[in-house]
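Student: Starting off with a structure, shown below.
FYI, it's all coordinate maths here, none of it is from the lab. These numbers come from a predicted model, not from an experiment. Cβ placement follows ideal geometry from the backbone for every residue including glycine, while neighbour counts extend to all protein chains displayed.
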């Protein structure tokens, strides 16, 4: 039996007091054959509110990801075969958590830095701001504005040359939260997929509640008039009264629309035989799309955030698997959507992004979803929560 | 036709990831004749809450300005001919926005860094903290605690050797604010003036409200017992009941006075034929003073902040042109002082500081103001707002 | 008369724009004889929320202290003869104030960085969060999340080779607080003591209220089942109803205990002839302990924070001399525990830590305390405040 050899590189380590301001790793540096297209850069951003933010640009085959260690290992965007997966927020800078005051304007400060493709919400709480159990919760929790404590790269030196970018992000408060999150982004040069594996560990010996929403956001060019969502789902319902008006077209995407603002839909997804759920956003032609897949075990519900307002305002659709919907936590206890993590327990969240740039890839995804959807999705007109 | 040539230098650029920690530009570096007294330094401040603050010291002829890019291009102070224009706040450090929590103590955190001569308040809101339209507004808005994203210097290489320090400061929040502010400080070696031209651009395609107050502050040596204000004005009224007591002497300055605290007066200014308003603060002898001039078009009202308390407490007078008075925004809708900036529109704010160190300069300013003031200022005893 | 010569070294100076990222000073560098065991290092920490925190490691004889200039000169821990004085908080990082939002979750953000042996609470206010006089006070005030402005080392070059680490920390807000705190940690190679001398200066010419609590925290190995407190005290009472249940064993320490949470006891201490109070925490064997001594003049009361919960939760006892108890300030006016500092006045807080690693040291401390305690401590069952 031969041992596989793995290239390791550390960008940041709180434990070892390592913190690189820039780095450039080529395939040769990683001990890979010359024809393997893998490369990684780290840079430190400057100016405005992005002063001090770190950005990792990781190329693996035809995919180039931009990852933000200082924002909990968020994925800013991905380009595959020249097509970008991500969106255009009015917030252009990669805002450093230093400049986020989550409590601002009644708990909306999180919005000052919101512009990534993959944004983590959680883990002590997620969802809309407001009071729950006497505590004022700010929008979508604290994790996204927490810099990683450890960041490293691992590259397998044999085919399929799996590349894994690892991070550790802590969410801690004395007597309240003692969480560590190990994040992993993994991919190979050959596959159109990015695999996310996050492990939430409760280091306390007490049980605690938690919430997680993976706020995955996609705009142009996939999002356009005629783009559509396909999701294997048991039930869809509007988040609130405003979304009721758009329920019939909940999965059909309009062009950028003045005064559309946002409609949110709550989805109970259906898993495949392996417990994986799948949601596809494809463009009008059906020759490009993004498939979000996730393990239903720990992410039982899905929020669709249809924010098809003007381009300037942020024309974007969110495909957001979660432990919970986007309501304030106070509304989710009765829905059974505030899970418990036991003392010393870990929970794993697994997602996969299919970055499709060809019609065949999109069709294969559609067929996969069709196969799961044996009975039609129940479209309910009643919001789950009376706001 | 000959093209004028201009020297350009970039201190900070988010777009190009440029961020200098120090710089020293001499007239020779700028391609100027040796006898032109123009010089510019950049330094990074250290220690306490000023850790990481940037400070630009710009000399143009007999004027030396200190500008703070990390605090929205604020002007810390100006010295002309050895006389300082600025004030002595109990806050001595050039506090980095990292250390400001605007929400602290009910929205007063802004006061932790307040010590400059030219402080911008705005632009989504300005004025006192409190609730308006369901939102808790912190004191004087967010712009002052926002670091510039772009900072550059331009120097014309021909007489009159105009020097322009440019900055861009963004104020953004997803779904709420999409503002960019281009700031310009311009001056020549020969003139006693500093020209401010700020351009607020609403990058959204939606109309939005905005407010701006230019919180210009002056202490000793101009401010002293017997110093006085002269302002071409239609009407003056006290801000509140406390200021009513000092209405008769609203423009006469006492020595530093224990328990004076602050009296605020609301002024409706009168413009000259070119739409420029002028306010002069002169010393007791009338041989030194500062003249604040501004375009009434976008800055229709003026707040006089008479904070002639003890030296330790901050002996200072504010001459503050604005879109609005210093009340919380909730009180200003009815006054018509919460203007709208249309989608894609820009608004320009123009101010000029006359830095006078001789009696002739002061007298010329007085005559200018006298000429505008054809009918006497109406001194009203009634605050505009019942607090 | 000979002048003693003193070695000076500056790590940080706001006034002189000095800010070292690392330093290593040996006895030779300090001009000391080779056999004097004095050494000092400065390092800058990296990763997560400790990005940019400074840490000074100071060895003086058999004592090694770790001090955090960026957190108001807190003492992270001390090791003497291989025995650590400090505790294990779930918060592992030396959190930079940048990442603390004191207002978070109703004023509890302070807890995000709480892990030191010596933590200063104050000085405008201390105690539990909540409203007082219309102002929302966050937990334990602002000083601990304020970086020092000046940090320097002084070493006497003659026996007993006294070493003093000095800091200055400012707490300022325009119109509210104009405090400077000069901190001193002093020790010699021969003594088992660390001397703390803090001087709070009110630079304003107005009187102001203030509060200070020295939140000194000790965990394993001294804290263990059978460890006990000995304090010369006039009276002990429970902080609240929960602490009433543990009043009988208020000074006896259990093993780490699930669901113990915290019991807090309010102590009125008895001073010795020199006005010094003493509290001893010794281990079960009585061969190791920590003695906290302090001048009653400015620190008239003592809080015992018995947080003997599980190791993971933070198994720790606080011995906390203060101007005040840990109640929100609103409850302390009537207790006479919100003192006034006059304009231009200074107040000095003096503490001494006895770091005992031998039975004789512990016994000597017990005897000292016994001698003061002529009449028994009154153990009252009534909390001073009805919450």
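Student: For residue A:10, place a label point 7 Å from Cα along the Cα-to-Cβ direction in every copy; what are the distances to the other copies, in nm, shortest first?
Tutor: Label-point distances to the other copies, shortest first: 3.5, 3.5 nm.
Student: While we're on this one: Shape of the range C:139-298 from its Cα gyration tensor (a ≥ b ≥ c, root eigenvalues): rounded if a/c is under 1.5, otherwise prolate when a/b > b/c, or oblate?
Tutor: Oblate.
Student: Considering only the label points, 7 Å along Cα→Cβ from Cα, what distances in nm to one decimal separate residue B:31 from the same position in each other copy, shortest first?
Tutor: Here residue B:31 shows inter-copy label distances of 5.3, 5.3 nm.
Student: What is the average number of partner chain Cβ atoms found within 10 Å of a Cβ in B:93-101? Please report the intermediate quantities before stating the final value.
Tutor: Numbers: counts 4, 1, 1, 3, 4, 11, 6, 1, 12.
For this peptide, the per-residue mean of nearby foreign Cβ atoms is 5.
Student: With each run of n ≥ 4 DSSP H residues scored as -39500 (n - 2.57), what mean residue ellipticity at 222 nm is computed for the protein assembly as shown after dividing by its residue count and rounding to the nearest 500 deg cm²/dmol?
Tutor: Working: 11 runs with 74 residues, N = 1161.
Calculated mean residue ellipticity at 222 nm is -1500 deg cm²/dmol.
Student: Using the count of nearby Cβ atoms within 10 Å as a rough guide to exposure, how do C:172, B:92 rank from fewest to most? Could the numbers behind the result be given before it?
Tutor: Values: C:172 26, B:92 19.
Sorted ascending by nearby Cβ count, the order is B:92, C:172.
Student: Here's another thing I want to ask about it. Under a 10 Å cutoff between Cα atoms, tell me which one of C:133, C:348, C:276 has the largest fluctuation in the Gaussian network model of chain C.
Tutor: C:133
Student: Within 10 Å of each Cβ of B:252-259, how many other protein chain Cβ atoms are there on average? Don't skip to the end; give the middle numbers.
Tutor: Values: counts 0, 0, 0, 0, 1, 0, 3, 1.
Counting Cβ atoms of other protein chains within 10 Å of each residue's Cβ and averaging gives 1.
Student: Let me ask something additional. If you find the alpha carbon centre of the range B:127-196 and of the range B:312-387, how far apart are they in angstrom?
Tutor: Value for the Cα centre distance between the two parts: 18 Å.
Student: If you take the C-alpha gyration tensor of the range B:46-190, multiply each eigenvalue by 5 and take the square root, what semi-axes do you get, largest first, in whole Å? Don't jump to the answer; show the numbers that get you there.
Tutor: Numbers: eigenvalues 170, 65, 32 Å².
In descending order, the three semi-axes are 29, 18, 13 Å.
Student: Can you list the distances in nanometres, one decimal and ascending, from the residue A:333 label point to the identical position in each other copy, with the point 7 Å along Cα to Cβ?
Tutor: Sorted ascending, the copy-to-copy spacings read 3.5, 3.5 nm.
Student: Quick one: grab the alpha carbon gyration tensor of the range A:133-177, order the square roots of its eigenvalues as a ≥ b ≥ c, and give me rounded if a/c is under 1.5, else prolate or oblate depending on whether a/b is larger than b/c.
Tutor: Numbers: a/c = 4.47, a/b = 3.18, b/c = 1.41.
Since a/c reaches 1.5 and a/b is larger than b/c, the shape of the range A:133-177 is classed as prolate.
Student: Counting pairs of alpha carbon atoms under 8 Å apart in space and at least six apart in sequence, what relative contact order in percent does chain A give? Could the numbers behind the result be given before it?
Tutor: Values: 1055 pairs, mean separation 61.8, N = 387.
With pairs under 8 Å counted, the relative contact order is 16 percent.
Student: Is the range C:165-243 best put as rounded, prolate or oblate by its Cα gyration tensor, with a ≥ b ≥ c the root eigenvalues, rounded for a/c under 1.5, and otherwise prolate when a/b is larger than b/c, oblate when not?
Tutor: oblate
Student: For peptide B:173-181, compute the average count of partner chain beta-carbon atoms within 10 Å of each residue's beta-carbon. Please list the in-between numbers first.
Tutor: Working: counts 11, 14, 11, 5, 3, 7, 1, 1, 0.
Partner-chain Cβ atoms within 10 Å, mean over residues of B:173-181: 6.
Student: Run the quick spin-label model on residue A:261 and residue A:28: label points 7 Å from Cα toward the beta carbon, then report their separation in nm to one decimal.
Tutor: Calculated label separation equals 5.7 nm.
Student: Here's another thing I want to ask about it. Using only Cα atoms, what Kirkwood radius does the protein assembly as shown have, in angstroms?
Tutor: On the way: mean 1/r = 0.0310 Å⁻¹.
It works out to 32.3 Å.
Student: Would you mind ranking B:320, C:180, A:150 by Cβ crowding within 10 Å, fewest neighbours first?
Tutor: Working: B:320 26, C:180 19, A:150 23.
Listed from fewest to most nearby Cβ atoms, that is C:180, A:150, B:320.
Student: For B:125, B:305, what ranking results if the residue with the fewest other Cβ atoms within 10 Å of its Cβ goes first?
Tutor: With the fewest neighbours first, B:125, B:305 line up as B:305, B:125.
Student: Given q = 0.21 Å⁻¹, what are the Debye log10 I(q)/I(0) values for the range C:280-387, with equal point scatterers placed on the Cα positions and solvent ignored?
Tutor: With no solvent term, the Cα-only Debye profile gives -1.32.
Student: Find the percent of Cα-Cα distances in the range C:6-379 that exceed 35 Å, and round it to a whole number.
Tutor: Of all Cα-Cα distances in the range C:6-379, 20 percent exceed 35 Å.
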